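The values are calculated or read from the model by the stated rules, or taken from the named source; none is laboratory data. The structure displayed is predicted, hence computed values, not measured ones. No Cβ is skipped: glycine too gets one built from the backbone with ideal geometry, and neighbour counts run over all protein chains shown.
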Amino acid sequence: MSAVQINSVPFTYIEYDSNARLWPGVRRAHDLVDRYQLVGSYGLFRRMTGVGGRPEVVIEGSSDAISWTEIEFMYKPGNLSAPPAAVTPHQPRLDWQMWFAALGDQSQAPWFTSLMHRLLQGKRDVIELIQTDVSQYPFHQQPPAYLRAHRYRYWFTQPKADGSSPQRWWRRVYVEEFYPTVHLGNTFLESMLSQYGLKDKSPPRRPSNATVAQAVRWVRSQARGVPTHTLIWTLIACSATLCLLQGLQHRNDHQEKNALTEEAAVNKDTEEVPEGPVDHSGKPDKQQTTEKEEEEEEEEEDDDVEGSEEEMEGKREEKDTVDDDEED
């Protein structure tokens with residue numbers, strides 16, 4: 001719990017009121033352990049560089065070079081009313097690269113020229129990097145005839161004087177032109193493509209008919225229109241559900257195995273105990289029968305002994321009688 005509290009300090013920097021309400025002891029604890037990197041927001045460039053706002057490049061498209069429409073990305077700041085997107089654990093690479101491009105000149109980001117070229121061509125694969133739901137792309141029916149890009153600096157809006165929250169999440173200030181107005185066949189665009197070696201040199205390859213390639217294309221077609229972070233969380237939830245079901249199945253198998261083991265042990269004990277009801281003495285019928293037979297045999301032996309003694313006594317009496325007669 002203490003680690004969570006300490007870790008909350010850098011997350012409150014974007015909201016001054018929350019940071020001010022932190023317990024001073026938590027802030028002091030964070031200052032003590034910050035150099036050891038024991039807690040913190042681990043990730044790619046977890047701290048935004050730059051001072052005086054967040055630089056962002058905004059691309060605009062037009063069909064007549066008079067009225068312009070901003071092209072909004074799914075994740076990076078653009079629309080002033082759009083809240084910051086929750087994308088964890090997805091890392092939106094194109095949106096991230098747009099921020100890197102805004103830190104310097106367009107000549108330091110050769111890929112940006114290729115992006116402008118593909119958008120003018122209306123390449124669907126590139127459009128889906130900007131908006132997974134192509135219907136949200138302002139030029140999904142027809143590619144723009146003209147494109148340009150400007151650099152702005154963004155800040156979070158502040159609460160109003162009465163404490164209420166503003167309607168917009170962001171405020172921005174125009175800085176400069178980042179990329180001039182271009183169209184297909186434009187001299188500047190063609191020279192940049194040639195300079196960076198980005199011109200189409202050969203016709204596109206025919207799609208492979210291999211099983212793996214077909215499977216990948218099928219999966220991608222099914223996932224079209226689903227935001228990437230939603231897809232990742234869905235896969236994580238499915239994996240967690242499968243692990244849970246597997247754990248429950250393993251638990252049930254273990255319980256059934258224990259029950260069978262106990263039942264086998266009870267059956268074994270039952271087989272070892274002699275059958276038959278038990279009387280008050282606690283001895284089974286068979287044991288009682290054996291003891292009874294032994295008692296009867298002992299009684300018969302006693303009777304035989306008594307009979308023999310009586311016979312011998314009778315013989316002695318007869319002998320005494322004979323002897324008395326002879327004397328007379």
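Worth a mention:
- Residue 45 meets all of the listed conditions (1) modelled with pLDDT under 65; (2) surrounded by fewer than 11 Cβ atoms within 10 Å (Cβ to Cβ); (3) more than 30 Å from residue 130 (Cα to Cα) but one, namely (3).
- Residues of region 142-157 that are assigned to a loop (DSSP other than H, G, I, E, B) and farther than 18 Å from residue 65 by Cα: 157 alone.
- Residue check for residue 154: over 27 Å from residue 236 (Cα atoms), touching a Pro at 6+ places or on another chain (Cβ under 8 Å) and not hydrophobic (A, V, I, L, M, F, W, C): yes
- Scan of region 208-232 for residues that are part of a helix (DSSP H, G or I) and touching a residue at least 12 places away in the same chain (Cβ under 8 Å), ordered by number: 228, 229, 232
- Count of region 96-139 residues which are acidic (Asp, Glu) and surrounded by 14 or more Cβ atoms within 10 Å (Cβ to Cβ): 1
- Exclusive hit being assigned to a helix (DSSP H, G or I) and in contact with a Pro (Cβ under 9 Å, 6 or more places away or on another chain), set 119, 115: 119
- Residue 154 vs. criteria closer than 22 Å to residue 83 by Cα and among the hydroxyl-bearing types (Ser, Thr, Tyr): yes
- Top-ranked residue in region 167-197 [being part of a loop (DSSP other than H, G, I, E, B) and in contact (Cβ under 8 Å) with a residue 60 or more places away in the chain; ranked as nearest to residue 101 (Cα to Cα)]: 183
- Options 146, 154: the member that is in the same structural domain as residue 79 (by the TED database) and under 30 Å from residue 52 (Cβ atoms): 154
For (1) within 21 Å of the chain's Cα centre (by Cα); (2) at negative phi; (3) at pLDDT below 80, each residue gets a yes or a no:
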site: 215; (1), (2), (3): no, yes, no
site: 227; (1), (2), (3): yes, yes, yes
site: 240; (1), (2), (3): yes, yes, no
site: 246; (1), (2), (3): yes, yes, no
site: 253; (1), (2), (3): no, yes, no
site: 266; (1), (2), (3): no, yes, no
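- Count - residues of region 117-174 that are basic (Lys, Arg), within 26 Å of residue 190 (Cβ to Cβ) and under 34 Å from the mean Cα position of the chain (by Cα): 2
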